[in-house]
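Since the structure comes first, as structure tokens, the remarks are kept for the end.
Readers should treat all values here as calculations from the given coordinates under stated rules, not as data from a laboratory. Everything quoted here is computed from the prediction, not taken from an experiment. With ideal geometry, Cβ positions are generated from the backbone for all residues, glycine too; neighbour counts draw on all protein chains shown.
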């Protein structure tokens, strides 16, 4: 046997950990709970790391959190900045962009980049503005200018065409 014996003061039993990990909605926390459950069941740390698809050091870090603060500490930790990056545009600026898009002044991401740069002095990449427009519901799969589109024809138009043909 290599290394030292794993010593953890368990506060929960195996079935409780299994049920907790199966009910968890947050994928990041669920993965940690599943790893903890596997360790509690007696799996070697290297096996748990392989099964979870993470490095052995990650498993050790999770166990350290558990030793120091129990499940509360293990579940409270978050990777990176949970709030994400601060947006380049304010909510009011995004609302103006939506208005211009719906008026038809802006037809797509390239026009939106130019308009945002000219109006607000903010530079966006093509995919950055595309992502913003998608989150605003203005472009995306099956949408042009916020309208649902099917086969190059708006869904409202398609219904009227079909009604006239019958």
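Entry note, the range 63-136: relative contact order of 20 percent, from Cα contacts under 8 Å with a spacing of 6+ residues. Shown here is the pair-distance distribution of the range 45-118: with all Cα-Cα distances grouped in 10 Å bins from zero up to the longest one, the shares run 16, 26, 14, 11, 23, 10 percent.
How much length is gained on full extension from residue 95 to residue 11, taking 0.36 nm per residue of separation minus their Cα-Cα distance?
Numbers: separation 84, 0.36 × 84 = 30.24 nm, distance 5.04 nm.
Using 0.36 nm per residue and subtracting the Cα-Cα distance, I get 25.2 nm.
Debye-formula intensities of the range 14-76, expressed as log10 I(q)/I(0) at q = 0.21, 0.24, 0.26 Å⁻¹, are -0.77, -1.03, -1.21 (one equal scatterer per alpha-carbon, no solvent).
Computed from the Cβ-Cβ distance with R0 of 30 Å, the FRET efficiency linking residue 88 to residue 64 stands at 0.20. Short-range pairs are left out: with C-alpha atoms under 8 Å and at least six residues apart, the relative contact order of the range 14-76 is 27 percent.
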